[in-house]
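Engineer: Please see the structure below; I have some questions.
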Amino acid sequence: MKQQASTGRSLTQYLTGFVLALVLTAIPFAIVATGAAPRAQSLAVVTVAAVVQVFVHLWYFLHMNFSTTPRENILAFAFAAILILIMLGGSFWIMFDLHSRMR
C-alpha cells in the first residue's frame, strides 16, 4: 500500500512539473509568435521563463532538493552549470565576433 501512495505522489509531482514546463514554454512562444510585446520585453520573458524552467526540471523531474542533496549531486550540478556557461559564453563570443566582421 505504501508503494501505491509513493507512486501516486510521484505521478502527481511529474504531472505538476509537466504542466509547469508546458506553461513555461507556451507563454514565451505565444509572446514571440504574436508579437504582443516589444523585442526587449520578449527577450526578458523568454530568459526568465527559461531559467524558471531549468529549476522546474531540477525540482520535479530530477528531484534535486538542495537542502537534502548529497555533496556529489551539488558538485555535479555546479560542474554542469559551469559547462553551460562556457558553452553560452563561447557561442556569444563567436556570434558577436562574426557580426563585427560582417559589417
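Engineer: Which order results if His57, His99 are arranged by neighbouring Cβ count within 10 Å, fewest first? Write down the numbers at each step before the final one.
Structural biologist: Working: His57 15, His99 9.
If I rank by nearby Cβ atoms, fewest first, I get His99, His57.
Engineer: Let me ask something else. Peptides 37-45, 23-31: what's the order by average Cβ count within 10 Å, highest mean first? Before the final figure, lay out the partial values.
Structural biologist: Details: 37-45: 12.2, 23-31: 14.4.
Averaged packing, sorted descending, gives the order 23-31, 37-45.
Engineer: While we're on this one: Taking 7 Å along the Cα-to-C-beta vector as the label spot, tell me the Asp97-Ser42 distance in nanometres, rounded to one decimal.
Structural biologist: 2.9
Engineer: So what's the projected area for the chain, the Cα convex hull averaged over all directions, in nm²? Walk me through the numbers on the way to the answer.
Structural biologist: Working: hull surface 37.4 nm².
With the hull built on Cα positions only, its mean projection is 9.4 nm².
Engineer: Which FRET efficiency, nearest 0.05, do Arg71 and Phe29 yield, Cβ-Cβ r, R0 35 Å?
Structural biologist: 0.40
The numbers here are math on the coordinates, done by the rules we state, and not lab data. Note that this is a predicted model, so its numbers are computed, not measured. Note that we place each Cβ from the backbone using ideal geometry, even for glycine, and neighbour counts take in every protein chain shown.
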